[in-house]
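Reviewing the structure listed below.
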Amino acid sequence: MNKVGIIMGSKSDLPIMQQAIDILKGFDIEIEIDIVSAHRTPEKLFDYGKHAHTKGFAVIIAGAGGAAHLPGMIASLSPLPVIGVPIKSSNSIDGWDSILSILQMPGGVPVATVALNGAKNAGILAAQIIGANDTCVLDKILVYKEGLKQMVKDSAKDLQ
């Protein structure tokens, strides 16, 4: 169960969600990508949310802009951890509508929320959740974090 479901409200969200796709592929984690609109395809949303845990998913990453109900609705239906990616869309109020729609969930329906357009961090968080029980993924995360540390050291050297 190391597969991550990546869903988004519309195809226009793909450029942002590609960051999560790329990071998870870099960790050799299997992904499945789909478009599931909370407002335009509610039946598909209900089916996805109710059955995701039977399809081998360990985590769901849901990105949405505007009213951004997708992550919260999926979290209300699924027993899996859901990571919400608020997306600044063309009809957005500077992204705040998306952030607050995903962040302000009622008690009992948690959604881990990353920064506006923060799909890369959503991918890393999904990998860390999987890595808690998979040493191969954990080792890749440790190497990745060492790489981040080295980038900072190299940048500091460049200043001198």
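Every read-out reported here was derived from the displayed coordinates using simple, explicitly stated rules and does not represent laboratory data. Note that the structure is predicted; figures quoted are calculated from it, not measured. FYI the Cβ positions are ideal-geometry reconstructions off the backbone, even for glycines, and counts take in every protein chain you see.
Give the lysines reachable from LYS140 as a straight Cα distance under 23 Å; neighbours fewer than 8 places away on the same chain don't count.
Correct list for LYS140: LYS3, LYS25, LYS120, LYS149, LYS153.
How many angstrom lie between the C-alpha centres of segment 107-129 and segment 47-62?
What the calculation gives is 15 Å, centre to centre.
List every residue whose amide H lies under 5 Å from the amide H of VAL85, counting only residues 5 or more places away in sequence or on a different chain, with H placed 1.01 Å from N in the peptide plane.
HN-HN under 5 Å from VAL85: ALA62, GLY63, ALA64.
Any idea how far apart ASN91 and SER155 come out in nm if each label point goes 7 Å out from Cα toward Cβ?
3.7 nm
How large is log10 I(q)/I(0) at q = 0.15, 0.17, 0.19, 0.24 Å⁻¹ when the Debye formula is applied to the Cα atoms of segment 83-127, each weighted equally and without solvent?
-0.36, -0.46, -0.56, -0.80
Counting Lys +1, Arg +1, Asp -1, Glu -1, what net charge surrounds LYS50 among other residues with beta carbon under 15 Å of its beta carbon?
Neighbour charge sum, excluding LYS50 itself: -1.
Grab the DSSP H runs of the chain that are 4 residues or longer, score each as -39,500 (n - 2.57), total them, divide by all residues and round the 222 nm result to the nearest 500 deg cm²/dmol.
-15000 deg cm²/dmol
Rounded to the nearest 5, what is the percent of antiparallel bridges among the DSSP beta bridges in the chain?
0 percent
Of the labelled options (i) 21, 19, 17; (ii) 25, 19, 16; (iii) 27, 20, 13, which one gives semi-axes √(5λ) of the Cα gyration tensor in Å as computed for this structure?
Of the listed options (i) 21, 19, 17; (ii) 25, 19, 16; (iii) 27, 20, 13, (iii) comes from this structure.
What order do you get for SER155, SER89, SER12 when you list them from fewest to most C-beta neighbours inside 10 Å? If you can, show how the numbers build up before the last one.
Details: SER155 9, SER89 20, SER12 13.
With the sparsest Cβ surroundings first, the list reads SER155, SER12, SER89.
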